[in-house]
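Worksheet: the structure to be examined is printed underneath.
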Amino acid sequence: MFRTFETTLSGRKLVIETGKMAGLANGACLVRFGDTVVHAAVTASAKPREGVDFFPLSIDYEEKLYSVGKIPGGFTKREGKPTDSAILASRCIDRPMRPLFPKDLRNDVSIVTTVMSVDQDNSPEVAAMVGAATAVAISDIPFNGPVASVFVGLVDGEVIINPNLEQREKSDLELTLSGTLDKVVMIEAGAKEVPEDVMLDAILKGHEAVKDLCRFIQSIADEIGKKEKIQYTPIVVADDVYEATKNAVIERIRWALDTDDKNVRDAQLAVVIEEAHAALDEQFAERESEIDDAIYKLQKYVVRRWILDDGKRVDGRGLNDIRPLAAEVGLLPRVHGSGMFTRGQTQVLTVATLGSVSENQLLDGIDTVENKRYIHHYNFPSYSVGETKPSRGPGRREIGHGALAERALVPVIPSTDEFPYAIRLVSEVLSSNGSTSQGSICGSTLALMDAGVPIKEPVAGISVGLVTEGDRFVTMLDIQGLEDFFGDMDFKVGGTKNGITAIQVDIKIDGLTTEIIKEAFEKTKKARNYILDEIMLKAIPEPRKELSAYAPKIITLKVPVDKIKDVIGSGGKTIQKIIADTGVKIDIEDDGSVYIATTDAEAAQKAKETIEGIVADPEVGTIYKGKVTKIMDFGAFVEFLPGREGLVHISKLDHKRVEKVTDIVSEGDEIMVKLTEIDKMGRMNLSRKDALPKPAAEEAKTEE
């Protein structure tokens, strides 16, 4: 049955329609937020697939270009693989919802949000997040919700919930916040060095808006939601297997985990697992997989008890200790900039490449951003974790980690006016034992400074982990892989000494309290400053003054907008000739900005002078260096500015009488001429005679 539910979000109408579309899905709704329209549907398999030992949840945010009146490019003229922004939106739906499904659910669950119409003042991402949460809430799929999400901005110091397009363009903060009625479940943020107390205030105010949405979604679920939920078989380790395994190998597990070397730990665990099966397989015949599950639970038990009861970590550090750090720059001789950041067994090498502004990345999405000049890519090869598998290109995790590191550096990247280059960073994860995204942030800063990019402030990143037990919680700084795996949170913060530039929070529990968030901010701020002062700035205290010899040198100039056509010329002939003559690369913006790129400074200067000559207005009385282009009986035509010709009459070629023009000049000669007149028809008259020194006799006569 078709139903409509309505509320107000940030002073704008939010309407959710159900019962009209996608009747075969487990749950579906259409969200209207202003003129933004997003459809959300969730489905679940009737039973788990054979052999699946995890929760197979897939979430897709599908951008349809018809939503903004565009026809896709390319030969197929249809949407292809999702854009990076669509992948990031999918992750922002996935991360708050995944922890709220039952941990032992093994049925396939698929959530698809389809953007059908976009009003740029009303975010389709927010509509999709609300739609996904509503579709699940009214379905028969078990879920510990409701959950909801909002965007939070900061304009002139004021927190704005779901800012419109104009407000977003002026905002110092881009915060995506998800939560339940009780707790915050996800934080994703980019910020312009926002202080921790201001960020916390924005999160708390955003959570109040989230609570209102949760109540709205719950009211819909109470009224039309399916009351009978899907029945599934809980995955539990039988008590007899668990106790037998614990008695057999608990001390051996403690021995195996108690090392700061991941390779040693993995090797020791392999021995313990083999010992457990040797001792228990006969007793629990055909239940060997339960022994593996018991060993996993015992590892988690040991790690969490150490942290909660003893304040001990698997590598022997204190709760607030950072692993050994190292920073290096200038590792690769031919690249434009490079920096390597090492934290324990996590190691990231970032390489910077500078290019002309025309090498900006073009974006074909549904938002208003059409290109970007600063790009960060993150690669996570299998060898970084000691595994063997073929490379298949970046997945959603790689896209997300790369975007986090990119977002952390955006606020400190100089403007095009200050540094007229496109900038690409590539972070290669060489070794991973946790916090590679934060290593990428540090490596990016090092590479940019090594490349001579005048960043406004250096940026560092650090993460905080969490272990909870009831109302009790313990946070620990700089978590490694095992603590992330068995812990409850990975709270990543990037920033400068002045404030936060990026946040990404992943959790495995039902949410975070204000106290946990506040403590995470305090710890990451102190650690960030330590990393900057004691490690990174000792490797390179400031950006290099000179660019690499292999980087393009770019000089800029500004030409009047109405002169752009003169620089380009008919069919591009003028600019193509300049490029052919000098070997430079030239980009011209619509505002008249001209960028000349080359590794040859002399060629760049020649191209600049040529362009300046093209746009210059000829001034009567000025002397120019010109080139004879044509000889006539009555005089010679001279190009004295690019594309500008004038006539030197035979009587103006020399102080003495000239019988034949060719007695004085020939085609191709370079001569000095003076512009003496621009007549009413725009014709320009030149004089070689007036550009020459006066004869001695005439000079003496003048003195008398």
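Read-outs: derived from the displayed coordinates by stated rules, not from any lab. All values derive from a computational prediction rather than experimental measurement. Every residue, glycine among them, receives a Cβ derived from its backbone with ideal geometry; neighbour counts consider all protein chains shown.
Going by average Cβ neighbours within 10 Å, how do the peptides 499-506, 635-642, 254-261 rank, with the highest at the top?
499-506, 635-642, 254-261
Which ³J(HN,Hα) values in Hz, rounded to whole numbers, follow from the phi angles of segment 682-695 under the Karplus curve 6.51 cos²θ - 1.76 cosθ + 1.60, where θ = phi - 60° and Gly and Pro get x?
Those phi angles translate into x, 6, 10, 9, 10, 9, 6, 4, 6, 8, 8, x, 5, x Hz.
Can you tell me the dipole magnitude for segment 71-126 around its Cα centre, using point charges on the Cβ only (Lys, Arg +1; Asp, Glu -1), in Debye to the nearest 20?
Value, rounded to 20: 280 debye.
Label segment 1-93 by shape, choosing from rounded, prolate and oblate, from the square roots a ≥ b ≥ c of the eigenvalues of the Cα gyration tensor; if a/c is under 1.5 it is rounded, and otherwise prolate applies when a/b is larger than b/c, oblate when it is not.
Judged from the Cα gyration tensor, segment 1-93 comes out oblate (a/c at least 1.5, b/c at or above a/b).
What GluC sites (Glu not before Pro) in segment 645-689 are in a loop by DSSP, with at most 13 other Cβ atoms within 10 Å of the Cβ? Please report the intermediate quantities before stating the final value.
On the way: sites: Glu645, Glu659, Glu667, Glu670, Glu677; in loops: Glu659, Glu667.
Hits after loop and neighbour filter: Glu659, Glu667.
Give me a comma-separated list of calculated 3J(HN,Hα) values for segment 124-136, in order, Karplus coefficients 6.51, -1.76, 1.60 applied at θ = phi - 60°, integers in Hz, x for any Gly or Pro.
For segment 124-136, the Karplus-derived couplings read x, 5, 5, 4, 5, 5, 5, x, 4, 5, 5, 4, 5 Hz, x marking Gly and Pro.
Given bins 5 angstrom wide, list per bin the percent of all Cα-Cα distances in segment 553-615, short to long.
Histogramming segment 553-615 at 5 Å steps yields 4, 21, 34, 28, 12, 2 percent.
Among (1) 92, 70, 50; (2) 122, 60, 46; (3) 121, 71, 46, which one is Cα extents along the principal axes in Å computed from these coordinates?
This structure yields the entry labelled (2).
If packing is taken as the average count of other Cβ atoms within 10 Å, what order do 294-304, 443-453, 314-324 fall into, highest mean first?
443-453, 294-304, 314-324
Quick one: net charge around Tyr378, please, counting Lys, Arg +1 and Asp, Glu -1 for every other residue with C-beta under 11 Å from its C-beta.
Result for the local shell: -2.
Roughly how big is segment 325-539's charge dipole about its Cα centre, with Cβ charges of +1 (Lys, Arg) and -1 (Asp, Glu), in debye to the nearest 20? Could you put the intermediate results ahead of the total?
Numbers: 21 positive and 27 negative charges, 74 e Å.
Using Cβ point charges on Lys, Arg, Asp and Glu, segment 325-539 gives about 360 debye.
How high is the relative contact order of the chain, in percent, counting Cα pairs under 8 Å that sit 6 or more residues apart? Don't jump to the answer; show the numbers that get you there.
On the way: 1477 pairs, mean separation 66.0, N = 704.
It rounds to 9 percent for the chain.
Beyond a 27 Å Cα-Cα separation, which of these cross-linked pairs lie in this structure: Lys563/Lys694; Lys47/Lys508; Lys64/Lys227; Lys660/Lys694; Lys170/Lys553?
Checking Cα-Cα distances, Lys563/Lys694; Lys64/Lys227; Lys170/Lys553 exceed 27 Å.
Net charge near Gly330: determine it from the other residues with C-beta under 10 Å of the C-beta of Gly330, scoring Lys and Arg +1 and Asp and Glu -1.
Overall, the nearby charge balance is -1.
At 0.36 nm per residue, and after removing the present C-alpha to C-alpha distance, how many nm does the segment from Tyr296 to Lys227 gain when stretched out fully?
21.4 nm
Which of rounded, prolate or oblate describes segment 325-539 when judged by the alpha-carbon gyration tensor and an a/c cut-off of 1.5?
prolate
Could you size up the charge dipole of the chain around its Cα centre, putting +1 on the beta carbon of Lys and Arg and -1 on that of Asp and Glu, and report it in debye to the nearest 20?
1100
Which value, in Å to one decimal place, does the Kirkwood hydrodynamic radius take for segment 239-310 when every pair of different Cα atoms is included?
In segment 239-310 this quantity evaluates to 12.4 Å.
Sort 41-52, 392-403 by the packing proxy (mean of other Cβ within 10 Å over each peptide's residues), most packed first.
With the highest mean Cβ count within 10 Å placed first, the list reads 392-403, 41-52.
Specify which residue in the list Gln231, Gln283, Val249 is farthest towards the positive end of the charge dipole of segment 227-344, using unit charges on the beta carbon of Lys, Arg (+1) and Asp, Glu (-1), about the Cα centre.
It is Gln231.
Per residue of segment 88-95, in order, report the coupling 6.51 cos²θ - 1.76 cosθ + 1.60 (Karplus, θ = phi - 60°) as ³J(HN,Hα) in whole Hz, putting x for Gly and Pro.
5, 5, 4, 5, 6, 8, 5, 5
What aspartates and glutamates sit close enough to Lys577 to cross-link, taking a C-alpha to C-alpha distance under 18 Å and skipping anything fewer than 8 places away on the same chain?
In chain and number order, the partners are Asp566, Asp587, Asp600, Glu602, Glu609, Glu612, Glu639, Glu645.
Amide H to amide H under 5 Å from His376: which residues, 5+ apart in sequence or cross-chain, H placed 1.01 Å off N in plane?
For His376, the qualifying residues are Leu425.
Step by step: find N for segment 44-163, compute 2.2 N^0.38 Å, then divide the Cα radius of gyration by it. What's the final number? Could you put the intermediate results ahead of the total?
Numbers: Rg = 16.7 Å, N = 120, 2.2 N^0.38 = 13.6 Å.
Rounded to two decimals, the normalised Rg is 1.23.
Work through the residues other than Ser139 whose Cβ is under 10 Å from its Cβ and net out their charges, Lys, Arg +1 and Asp, Glu -1.
+1
Any idea which of Ile455, Thr574, Ala270 is furthest toward the positive side of the dipole for the chain, if Lys and Arg beta-carbons carry +1 and Asp and Glu beta-carbons -1?
Farthest along the dipole direction, towards plus: Thr574.
Report relative contact order for segment 369-411 in percent, whole number only (criteria: Cα-Cα under 8 Å, sequence separation at least 6). Display every interim value, and only then the final one.
Numbers: 25 pairs, mean separation 20.9, N = 43.
Across segment 369-411, relative contact order equals 49 percent.
State the answer as a single residue: which of Gln438, Leu319, Val130 lies farthest towards the positive end of the charge dipole of the chain, with beta carbon charges of +1 for Lys and Arg and -1 for Asp and Glu, about the Cα centre.
Val130
For segment 177-316, just say rounded, prolate or oblate: build the C-alpha gyration tensor, square-root its eigenvalues into a ≥ b ≥ c, call rounded for a/c under 1.5, and beyond that prolate if a/b exceeds b/c, oblate if not.
It is oblate, given that a/c is not under 1.5 and a/b is not larger than b/c.
When DSSP assigns beta bridges and you keep just the ones with both residues in the chain, what percent turn out antiparallel, to the nearest 5?
Antiparallel: roughly 90 percent of the beta bridges in the chain.
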